[in-house]
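*Asks:* Before anything else, here's the structure in question.
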Amino acid sequence: MSGALNAIQRMDALAAGQGGFFYPWTSNLGAGDGEEASAELVERHLSPDLTVLEAGCGHGPDVLRFAPQVARYVGYDFSEGFVRIAREGADQAGLKDVELICANSSAGANGGRPRIPMDDASVDLIVSRRGPTNFILDAPRVVRPGGWLIQLNPAPSPRQAWDDELPEDLRSEPARDFDIAGHISGLLAQAGLALHSGWSFDVPEHFTDARQLYAYLAWNQFHGLGLRAQPLESALPSLQTVMAKHAGPEGLDVRRRRYLWCARIA
């Protein structure tokens with residue numbers, strides 16, 4: 001993909017274009033997709049004396065929800081654009097003892113091994129909602145004994161039977177069998193940790209409008225790759241045909257999947 005943007009450029013482009021990380025389509029999403037379950041799990045682990053770190057804080061929605069409940073809240077993200085928006089939101093909310101950092105915890109940015117931008121034994125809880133997973137490998141250094149890691153991960157949606165009927169540049173990636181739960185367990189094992197609990201979520205996401213389906217498909221394929229899907233108007237007849245053939249009474253179902261997990265530092 002010549003001319004493709006890297007991950008940081010993609011997120012900075014979203015920050016500039018959308019003002020945050022938002023899905024730019026309208027659909028009917030089934031209840032229990034894992035997002036609120038994740039927030040509730042985090043809140044059960046919060047208390048006023050804790051130092052909490054958020055890995056991949058994005059534009060800061062969880063900062064606003066969780067920071068008022070703890071003694072100190074630190075968030076980091078590799079997108080300067082997202083961090084800038086998160087700082088503005090925290091300032092407008094009058095939050096105290098909040099620090100938001102532009103940092104990259106990946107191995108590639110840290111001499112070959114992931115590194116969290118925090119001192120040794122300085123954190124009681126690491127939370128992450130659809131953020132990086134590389135922090136797991138450095139968590140035992142940063143989190144105090146008895147502390148927790150909690151993360152919600154996106155999981156691939158299944159490749160649909162109608163996928164081959166889509167315009168070629170809107171079709172799913174060939175590999176849709178990535179095992180996110182196995183990936184997390186593997187990283188935990190490398191870090192000398194073990195999974196405490198894990199929950200999988202798989203709910204319907206229905207589309208009744210071909211234009212909104214286009215927004216979903218184009219986002220998933222191109223939302224920051226430095227490429228463009230074909231224009232909506234040229235793709236619309238094919239999408240309308242797919243919906244006419246395959247949509248049920250509630251619309252065309254694409255499914256939404258999430259994996260929520262937690263682990264404890266011994």
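*Asks:* Just to be sure I understand the filter: pairs with C-beta atoms under 7 Å, separated by 6 or more residues or on different chains, first member in the range 247-258 and closer than 15 Å to residue 209 by Cβ, second member open to solvent by 30 Å² or more (accessible area, probe 1.4 Å). Which pairs pass?
*Replies:* Hits for this filter: 250/28; 251/28; 251/208; 252/246; 253/204; 254/160.
*Asks:* What strands (runs of 3 or more DSSP E) completely inside the range 68-133 contain at least 1 residues that are in contact with a Pro (Cβ under 7 Å, 6 or more places away or on another chain)?
*Replies:* 72-77, 98-102
*Asks:* When the range 174-194 is examined, which residues are found to be touching a helix residue (DSSP H, G or I) at 6+ places or on another chain (Cβ under 8 Å) and loosely packed, with under 12 Cβ neighbours inside 10 Å?
*Replies:* Residues of the range 174-194 touching a helix residue (DSSP H, G or I) at 6+ places or on another chain (Cβ under 8 Å): 184, 187-188, 190-194.
Correct list: 190, 192, 194.
*Asks:* Could you give me the residue pairs with C-beta distances under 8 Å whose first residue belongs to the range 16-43 and is touching a residue at least 12 places away in the same chain (Cβ under 8 Å) and outside any helix (DSSP H, G or I), whose second residue is open to solvent by less than 30 Å² (accessible area, probe 1.4 Å) and acidic (Asp, Glu) wherever it lies, and which are 6+ apart or on separate chains?
*Replies:* Between residues of the range 16-43 that are touching a residue at least 12 places away in the same chain (Cβ under 8 Å) and outside any helix (DSSP H, G or I) and residues that are open to solvent by less than 30 Å² (accessible area, probe 1.4 Å) and acidic (Asp, Glu), the close pairs are 27/205; 28/205; 29/205; 30/205.
*Asks:* Could I ask something else about it? Residue 125 passes all but one of (1) open to solvent by 10 Å² or more (accessible area, probe 1.4 Å); (2) touching a Leu at 6+ places or on another chain (Cβ under 9 Å); which number fails?
*Replies:* Result: residue 125 fails condition (1) only.
*Asks:* On to the next question. Residues in the range 51-96 that are of a type in the set (A, V, I, L, M, F, W, C) and open to solvent by 10 Å² or more (accessible area, probe 1.4 Å): how many?
*Replies:* 7
The values are calculated or read from the model by the stated rules, or taken from the named source; none is laboratory data. Since we're looking at a predicted model, the values are computed, not measured. Virtual Cβ from ideal backbone geometry, glycine too; neighbours counted across all protein chains shown. Surface areas here come from the heavy atoms of the whole protein model, side chains and all, with no ligands, DNA or RNA. Shrake-Rupley method; radii C 1.70, N 1.55, O 1.52, S 1.80 Å.
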